[in-house]
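The values are calculated or read from the model by the stated rules, or taken from the named source; none is laboratory data. Owing to the predicted nature of the structure, the values given are computational and were not obtained by experimental measurement. Here the Cβ is made from the backbone with ideal geometry for all residues, glycine too, and neighbour counts use every protein chain on show. These area figures cover heavy atoms from the full protein model, side chains too; ligands, DNA and RNA do not enter into them. Shrake-Rupley method; radii C 1.70, N 1.55, O 1.52, S 1.80 Å.
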Amino acid sequence: MSVAFVLHRAAKVLTLAGPQRPRRGREMSDLCILEDASVAVDEDGRIAWVGSAHNLDVPGDPEIVDCRGKTILPAFVDAHTHLVYAGDRKDELEMRLSGADYEAIFAAGGGILASVRATRSADEDALVTATRSRIRRMLRAGTTTFEIKSGYGLEPATELRQLAAARRLAREDGLRIRTTCLAAHAFPEDVRDGRRTADDFVSEICETILPAAVREGLADYADVFCDRGAFSVEQARRVLARAKELGLGLRVHANELGPTGGARLAAELGALTADHLLFVDDDDRRALARAGVTAVLLPGTSLVLGKPFADGRALIEAGVPVAVATDSNPGSCALENLGLVLALACYGNRLSPAEAIVAATHNAACTLGLAHEVGRVEPTMAADLLVLDTDDPRDLVYHAGSPLAWAVYCRGRRVDRLDEAAKS
Ligand SMILES: [Zn+2]
């Protein structure tokens with residue numbers, strides 16, 4: 001396979017070289033950095049070679065991209081998003097900032113059911129178009145792999161339409177997207193007003209929605225919002241056990257609003273991830289570590305909602321593998337820039353910059369079964385690369401939110417200037 005181009009003489013290449021399993025404890029601090037190094041990318045969009053710049057020896061006449069003064073790292077992997085939705089909830093932002101609580105917002109027609117109404121009335125094309133513009137911004141900020149959840153339908157047709165929209169974006173735009181059926185995101189209107197019971201809805205998820213998502217090949221994972229005011233541990237166990245039976249991997253929204261047992265349930269069922277984890281104790285952390293569940297931290301949501309931050313430091317010290325993700329969604333956190341959220345994981349969750357980088361790349365890839373493909377800079381892996389306009393990766397945290405992405409590649413293709421490419 002011939003080499004298409006070489007990112008040459010970067011000040012640093014963060015390879016994260018090592019095993020494909022999730023990193024935990026001290027392993028999370030090791031970025032395996034090469035200095036004055038180059039990365040060669042083949043015609044197939046794979047990494048052909050990585051090493052010290054003066055050892056570069058590639059056949060043919062590849063394009064040489066001068067990367068002096070730059071840092072190359074694996075492109076980000078966003079392991080928790082709710083990107084497929086219609087409408088927005090910007091009005092709630094102002095209500096919340098002027099002191100309204102969730103109940104008041106809900107009473108004014110806002111909250112998750114507002115997104116459900118908008119998403120139910122949007123067709124697949126509209127969902128694809130809206131999501132595509134969000135993903136374009138995320139590509140520019142350095143994310144090339146996405147987990148996308150449903151959860152704004154709360155009935156079969158819309159849940160499946162959301163998942164189909166995500167699959168279509170993967171197909172049509174050449175994106176790497178893994179999908180999660182989150183029908184158990186909230187209770188729909190007819191449960192809230194007593195026309196049917198919560199358990200009836202749980203049965204619909206187990207008997208209709210999940211089997212259809214699997215039958216149509218639309219879902220890779222299932223997720224449940226197991227928390228106060230949402231699904232109880234018993235209800236969540238029913239949904240997740242059924243999902244497991246259907247062959248889906250498990251993810252759990254756990255312990256965001258209180259010590260509600262979601263984290264223990266994730267450990268008990270061998271889930272891939274337990275996400276949020278604001279309220280966990282030593283026993284929960286031990287259970288997660290023993291079961292090898294990855295904790296997905298979502299500090300953007302804590303920031304936007306003014307909530308406490310999960311104790312990421314304690315999770316790492318307990319030996320729990322940690323990932324970090326945006327949680328990008330229309331209500332509680334519409335942040336899209338995982339580079340910024342990675343910085344919040346340092347300031348809020350008390351990760352070091354190196355740990356946060358591992359959390360937003362390799363460890364996130366592991367939770368999506370993609371550790372052979374993305375998350376490290378090693379030969380044969382996909383050339384999903386982020387080139388930063390700095391020689392110090394700690395600038396991601398130090399200058400959090402600055403536009404540091406100098407170039408972003410997905411499978412060897414530049415994806416940070418798709419709009420310019422479309423114009424020219
Ligand atoms: Zn979420």
- Task: Taking the Cβ of Thr301 as the centre, find all other residues whose Cβ is under 11 Å away and add up their charges (Lys, Arg: +1; Asp, Glu: -1).
- Result: -2
- Task: Determine which residues of the stretch 98-127 fall in the zone a paramagnetic label at Ser133 would reach in this model, i.e. backbone nitrogen under 17 Å from the point 7 Å along Cα→Cβ.
- Result: 118-119, 122-127
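Apply 1/(1 + (r/R0)^6) to the Cβ-Cβ distance of Asp44 and Ser402, taking R0 = 22 Å, and write down the FRET efficiency to the nearest 0.05.
Details: r = 33 Å, r/R0 = 1.50.
Result of the calculation: an efficiency of 0.10.
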- Quick one: grab the alpha carbon gyration tensor of the stretch 134-290, order the square roots of its eigenvalues as a ≥ b ≥ c, and give me rounded if a/c is under 1.5, else prolate or oblate depending on whether a/b is larger than b/c. oblate
- In sequence order, what are the phi-derived ³J(HN,Hα) couplings for the stretch 276-291 according to the Karplus relation 6.51 cos²θ - 1.76 cosθ + 1.60 with θ = phi - 60°, rounded to whole Hz, with x for glycine and proline? 5, 6, 6, 10, 10, 10, 4, 5, 4, 4, 4, 4, 5, 4, 4, 7
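What is the calculated FRET efficiency for Ala170 to Asp282, with r their C-beta to C-beta distance and R₀ = 41 Å, to the nearest 0.05?
0.55
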- Message: Considering only C-alpha atoms, what is the centroid distance from the stretch 349-382 to the stretch 53-121, in Å?
- Response: 18 Å
- Item | Rounded to 5, the percent of DSSP beta bridges in the chain classed as antiparallel | 40 percent
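Tell me, what % of the accessible area of the stretch 77-367 is carbon and sulfur with a 1.4 angstrom probe?
Values: 5100 of 9920 Å².
Carbon and sulfur together cover 51 percent of it.
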- Message: For a quick check: with amide H placed at 1.01 Å from N, whose amide H comes under 5 Å from Trp49's, ignoring anything fewer than 5 positions away on the same chain?
- Response: Ala40
- Query: Rounded if a/c is under 1.5, else prolate if a/b beats b/c, else oblate: with a ≥ b ≥ c from the C-alpha gyration tensor eigenvalues square-rooted, which is the stretch 189-239?
  - Reply: oblate
- Note on the structure: Cross-link reach from Lys12 to aspartates and glutamates, straight Cα distance under 12 Å and at least 8 residues apart if same chain, gives Glu35, Asp36, Asp389, Asp391, Asp392
- Note on the structure: For the stretch 31-44, in residue order, the Karplus 3J(HN,Hα) values (coefficients 6.51, -1.76, 1.60; θ = phi - 60°; whole Hz; Gly and Pro = x) are 8, 6, 8, 9, 9, 6, 10, 10, 10, 9, 10, 8, 4, 8
- Task: Give me the distance in nm between label points sitting 7 Å out from Cα along the Cα-to-Cβ direction at Ser121 and Ser98, one decimal.
- Result: 2.4 nm
- Note on the structure: The alpha-carbon pair-distance distribution computed for the stretch 77-367, with 5 angstrom bins and whole-percent values, is 1, 6, 13, 18, 20, 19, 14, 7, 2, 0, 0
- Value at 222 nm in deg cm²/dmol, rounded to 500, when DSSP H runs of n ≥ 4 in the chain each add -39,500 (n - 2.57): -10000 deg cm²/dmol
- Query: Under a GNM of the chain (C-alpha, springs under 10 Å), which listed residue has the highest mean-square fluctuation: Phe225, Phe106, Phe201?
  - Reply: Phe106
- Item | Zone residues, the stretch 367-410, relative to His54, backbone N less than 11 Å from point 7 Å out along Cα-to-Cβ | none
- Query: Taking the simple approach of a point 7 Å from Cα along Cα-to-Cβ for both Glu63 and Asp190, what is their distance in nm?
  - Reply: 5.4 nm
- Message: Assuming 0.36 nm per residue, please report the length gained on full extension of the stretch Ser232 to Ser203 beyond their Cα-Cα distance.
- Response: 9.0 nm
- Each label point is 7 Å from the Cα along the Cα-to-Cβ direction; what then is the distance between the points at Asp88 and Ala108, in nm? 1.7 nm
- Mean-position separation - Cα centroids, the stretch 135-191 and the stretch 397-415, in angstrom: 23 Å
- Message: I'd like to check one number: the per residue accessible area of the stretch 266-424, probe 1.4 Å, reported in Å² as a whole number.
- Response: 34 Å²
- So, in Å, what gap is there between the alpha-carbon centers of the stretch 210-281 and the stretch 1-50? 34 Å
- Query: So how strong a dipole does the stretch 295-386 carry about its Cα centre when Lys and Arg Cβ are +1 and Asp and Glu Cβ are -1, to the nearest 20 debye?
  - Reply: 240 debye
